[in-house]
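Working notes, beginning with the structure itself.
Laboratory data are not the source of any read-out in this text; all were calculated from the coordinates shown. Owing to the predicted nature of the structure, the values given are computational and were not obtained by experimental measurement. Every residue, glycine among them, receives a Cβ derived from its backbone with ideal geometry; neighbour counts consider all protein chains shown.
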Amino acid sequence: MAQTAFVHWPVVLGMFGLLWAAVAYLGIRTIAGPRTDRANLYAGGGALVAALIVGIVLAASHHPAEPPVGSAVVANGQSFSCAGVLKPVARVAHGYVDNVQTLPNGAPVTPGTAIDRTATLVLRGWASDAGVHHALAGVCLLVDGKALKQQLVSYGSPRSDVAQAFKDTTLLDTGYEIRMPAADVVRGRHRLEVVGVDGSGRASAIAPPLQVTFR
């Protein structure tokens, strides 16, 4: 996986400030000419003040780009799209929904919970093929039986606890995380359900549905 280049902005701004100081000093000294040592002192002081002002302005105007919602996904998971057509079947997957919560407050979501539509809904757990216990293609969150395309899914993160519990190393990379803006769901009562999806697009629920209210 390619790594994103990291820019250390304080160092960059500091180097820019020194460069600006040098340019300003030479400029002011050229204007002042070789008149007196005091003129050179004024030129140097003025250059440093100018560099300080420019550095403060640049630092104040710089705002690091915030990652979009859902970018902080389960470690080592792979993104999975739920935009395709799912084929419901009786039992193609099994697993568990470890926890459901809303961000940014981290409030747990339980049956009957009222979810604020300004929040982000987050679900985490594990899922695998029901037959041979290997990893699936991915998972999707269904709202009233339909997958919303806006959800961000990460599947395949390490779950050593699951592999140890079943004494099966093929269940290691079966962790998932799903994030969805609550604003994508209309107000009212809805049924949430996580389904596992295999390579052919067949899907089945991995846990009982959760009845909640979006307000």
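For a label point 7 angstrom out from the Cα of Asp116 toward its Cβ, which stretches of region 162-206 have the backbone nitrogen within less than 16 Å? From region 162-206, the list is 181-184. Using the Cβ of His190 as centre and a radius below 13 Å, the other residues enclosed give a net charge of +3, where K and R count +1 and D and E count -1. Listed by chain and number, the lysines whose alpha-carbon sits under 30 Å from that of Lys87, ignoring those within fewer than 8 places in the same chain, are Lys146, Lys149. I want to make sure I understand the PRE zone here: with the label point 7 angstrom from the Cα of His134 toward its beta carbon, which residues in region 171-193 have backbone N atoms less than 15 Å away? From region 171-193, the list is 171-174. Computed over region 64-215, the Cα gyration tensor eigenvalues convert (square root of 5λ each) into semi-axes of 24, 17, 14 Å, ordered from largest to smallest.
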